[in-house]
Amino acid sequence: MSQGDVKSKYVEFINEALSAENAAIDRITSRIDNTPIPELKERLHQHLEETYNHQDRLRQIVTKFGGEPTDSKADLPKLVPPTTMMIKKMMKDTIKSITDDKKDNPIPEEMELMEIKQDAIAEGSEIIAYETLIAITQRINEIPQQEIISLLKQSLQEEESMKKWYVEKTPMAVDILLPKIISAVSK
Ligand SMILES: [Fe+2]
Ligand SMILES: [Fe+2]
């Protein structure tokens, strides 16, 4: 393998992470629009700004090696709800006007709870992605390791702090969402 091959493989690894960050921008933007929880909305605004920086850092690294920063968007890890829940949701969406028995249908608060879990999973997957990139970078001597690692660590630290936010704030979200979920099944 020539040095050029090693560098172009390295650019592929960085672009893979960039593709996930590109997808994260869309997800965070739609979560800001849709979450009913003000504190989460505010935190997501902050993480959106951080995510633009994550993109910039990765683009900087790709460009440094003469590569083309990717515009592609990866599929983010997805929490797959139980089939029964989705069937009920589908029925709710299609026949909601002709049924009175809505007791079993997931209400928006229930869907939001699932989205919150999915948000946290996405952050966890970004953490693993950056830890892997850092480990790869430490093992490739042909590149300016310290400079790149310091960029990657800044992003890693912001992912960790976002993940921590979800761990700490999930009970607050449950306090907001659960009463409505309970009252929907208690009617
Ligand atoms: Fe990110
Ligand atoms: Fe993130």
Worksheet entry | Computed over the chain: relative contact order in percent, which uses C-alpha pairs under 8 Å that are six or more apart | 26
Practice prompt. Neighbouring Cβ atoms within 10 Å as the yardstick, rank 153, 169 fewest first.
Written response: 153, 169
Practice prompt. Place the peptides 12-24, 173-185, 124-136 in order of packing, highest mean first, counting for every residue the other Cβ atoms within 10 Å and averaging per peptide.
Written response: 12-24, 124-136, 173-185
Discussion item. Between helix 83-95 and the chain, what is the angle of the helix's C-alpha long axis to the longest principal axis, kept within 0 to 90° and rounded to the nearest 10?
Written reply: 60
Worksheet item: With θ set to phi - 60° and the Karplus curve 6.51 cos²θ - 1.76 cosθ + 1.60, what are the ³J(HN,Hα) couplings of region 22-33 in order, to the nearest whole Hz, using x for Gly and Pro?
Response: 4, 5, 4, 4, 5, 5, 4, 4, 6, 5, 4, 5
Item to complete: Of all alpha-carbon pairs in region 1-90, indicate the percentage at a distance above 14 angstrom.
Response: 71
Discussion item. Tell me the mean residue ellipticity at 222 nm calculated for the chain from its helices only (DSSP H runs of n ≥ 4, each -39500 (n - 2.57), averaged over every residue, nearest 500).
Written reply: -28000 deg cm²/dmol
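No lab work stands behind these numbers, since they all come straight from the coordinates. Values in this document were obtained by computation on a predicted structure and should not be read as measured data. Cβ atoms come from the backbone with ideal geometry, glycine included; neighbour counts cover every protein chain shown.
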